[in-house]
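Here, each number is a calculation from the coordinates, and none is a lab measurement. Fair warning: this is a prediction, and the values are worked out from it, not measured in the lab. Positions of Cβ are backbone-derived with ideal geometry, glycine not excepted, and every protein chain shown enters the neighbour counts.
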């Protein structure tokens, strides 16, 4: 959770408002459902920077004519355990849902499947897509690359993604083994939040473009994009703190863009500044993948769930160091999702840019959207 100012909102209203605005922008109902569903899932998960504010990424791509809101992703090649999907410059939200559904069905029959995607824009939180496999008692992991937001280890210029990586495995009664991480220290949303609320980053991850010195102070480098509260540019490069994260970042690039037949590496993608200045005609994502494994094809799914629960239970009862606690990654999010709570947190700096700047562009307001929602 963020320490910045937040508000409590009804998740069903958020879903309605996001879906309504994207449809008003020109999307069909299916496409708009996928956008709203994934953004709301991030709020349930507690990943607030992948919530309402992340809508700005596809709005910017739409305004800069990098996104074709009418296009539908298309399967252009496939085999029994694999496929390649061309996003046709649509959102990753639509493309990744198609990829996930196809991978799950292929894995149901064949035991394992991998789907590659390309030529699409931002997809928000990848937790929603892998969770679809979890709901079918399967394992999945997935990612896409991003515009360059991090420098190579020891470097001074952004060349690498700040890629999302999400993976989840089947479980029984306990929370699942669930990884939901970024493969770099920070990204544009962290810069925006720190600048707006006069905070430091959580580490000295900014690289001064002149001296190469490291700092956690975003003020000299943060560059606002007019009308937006989550997507900001930054004149300083981002440091990857350890060789381990660096290696994982580059490995993920191999998966998303190098072996992907439609892939475009992060080194060839536009920067945030180039996107904002209409200096590129490329989508903001270079490639994606979704790998799904169906354990029931290889043995007892009940045994898999029992082993997962036993493993997680053993972790939970591990004695904690003084002043610390032992928590299984993703357990708080899983508990929240399981309770089907309707009230979620939303960052204040994401609220007005969506309801005033973006919704207002289509003649919509928060009051109007609330009134429509309450009349349903």
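How far, in nm, would the chain grow between residue 157 and residue 198 when pulled straight, counting 0.36 nm per residue and subtracting the alpha carbon separation?
12.3 nm
As an exercise, use a Förster radius of 35 Å and the Cβ-Cβ distance of residue 74 and residue 324 to find the FRET efficiency, rounded to the nearest 0.05.
It comes out at approximately 0.10.
Using only Cα atoms, figure out Rg for the stretch 288-346 and give it as a multiple of 2.2 N^0.38 Å.
1.55
If you take the beta carbon distance between residue 367 and residue 332 as r and set R0 to 51 Å, what does 1/(1 + (r/R0)^6) give as a FRET efficiency, to the nearest 0.05?
With R0 = 51 Å, the Cβ-Cβ based efficiency is 0.95.
Can you compute the helix-only [θ] at 222 nm over the chain? Use -39500 (n - 2.57) per DSSP H run of at least 4 residues, normalise by all residues, nearest 500 deg cm²/dmol.
The helix contribution divided over the chain gives -10500 deg cm²/dmol.
Percent of Cα-Cα pairs per 10 Å bin, from 0 to the last occupied bin, for the stretch 149-301, please list those.
Distribution as computed: 10, 34, 32, 16, 7, 1 percent.
Going by a ≥ b ≥ c, the root eigenvalues of the Cα gyration tensor, does the stretch 337-376 fall in the rounded group (a/c under 1.5), the prolate group (a/b larger than b/c) or the oblate group?
Oblate.
Treat the count of other C-beta atoms within 10 Å as a stand-in for reagent exposure and order 367, 77 from fewest to most.
367, 77
Give me 272, 264, 326 ranked fewest to most by other Cβ atoms within 10 Å of their Cβ, as a rough exposure proxy.
The most exposed by this proxy come first: 326, 264, 272.
Is the shape of the stretch 241-376 best called rounded, prolate or oblate, per the rule: a/c under 1.5 gives rounded, else a/b larger than b/c gives prolate, else oblate, with a ≥ b ≥ c the square roots of the Cα gyration tensor eigenvalues?
Note, shape of the stretch 241-376 comes out oblate.
Report the gain in length on full extension from residue 268 to residue 340: 0.36 nm times residue separation, minus Cα-Cα distance, nm rounded to one decimal.
Length difference between fully extended and current span is 21.8 nm.
May I ask you to order 189-195, 306-312 by the average number of other C-beta atoms within 10 Å around their residues, highest value first?
189-195, 306-312
Peptides 342-354, 120-132: what's the order by average Cβ count within 10 Å, highest mean first?
Descending packing order for the listed peptides: 120-132, 342-354.
Counting only Cα, what are the radius of gyration and maximum Cα-Cα distance Dmax of the chain, in Å?
So, for the chain, Rg and Dmax equal 20.3, 58 Å respectively.
With an 8 Å Cα cut-off and a minimum separation of 6 or more residues, compute the relative contact order for the chain in percent.
The normalised contact order for the chain reaches 23 percent.
Sorted from fewest to most neighbouring beta carbons within 10 Å, what does the list 221, 55 look like?
221, 55
Rounded if a/c is under 1.5, else prolate if a/b beats b/c, else oblate: with a ≥ b ≥ c from the C-alpha gyration tensor eigenvalues square-rooted, which is the stretch 254-328?
Because a/c hits 1.5 or more and a/b fails to exceed b/c, the stretch 254-328 counts as oblate.
If I stretch the segment between residue 24 and residue 313 completely, what's the gain in nm (0.36 nm per residue apart, minus their alpha carbon distance), one decimal?
Contour length minus Cα-Cα distance gives 99.3 nm.
Using alpha carbons only, how many angstrom separate the centre of the stretch 203-237 from the centre of the stretch 305-328?
The two parts, judged by their Cα centres, are 37 Å apart.
Mind listing P(r) for the stretch 1-151? All alpha-carbon pairs, 10 Å bins, whole percents.
Computed distribution, short to long bins: 11, 39, 35, 13, 1.
Given a 10 angstrom Cα cut-off, can you work out which residue in 314, 184, 42 is the most mobile in a GNM of the chain?
For the chain, modelled as a Gaussian network with Cα springs under 10 Å, the answer is 314.
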